[in-house]
């Protein structure tokens, strides 16, 4: 695992630990914490494997999995959301998009 991924994994863990009460509240009310998305995007979780050339972090698949495991330790809905975005949405762009 890269040093950048270890640092991000640890930062993500601290972030979600600090949001524990909000995540519990969302679970109980069956809500999604939309207000967290901008903060998560600022950490780079919107493009973990996306090339730095295109605004992503440029990390490996293994790095992404380690970061997602940390997200999942804290909240499964956020794990599903971030994992789906990176694993389905971004992966298709990474693998299939041309330069245009």
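Where a number appears in this text, it was derived from the coordinates with a stated rule and is not lab data. Quick caveat, the model's predicted, so the values are computed rather than measured.
Numbers for the structure displayed
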item	result
The stretch 3-96: Rg to Rh, with Rh as the Kirkwood radius over Cα pairs	0.97
Mean residue ellipticity (222 nm) of the chain, computed from DSSP H runs ≥ 4 via -39,500 (n - 2.57), nearest 500	-18000 deg cm²/dmol
Relative frequency of Cα-Cα separations exceeding 18 Å in the stretch 1-46, percent	35 percent
Using alpha-carbon coordinates, inclination of helix 3-18 to the longest axis of the chain, degrees	20 degrees
Degrees separating the helix 20-29 axis from the principal Cα axis of the chain, which is the longest one	80 degrees
Top of 40, 88, 57 by mean-square fluctuation, Gaussian network on the chain, Cα under 10 Å	88
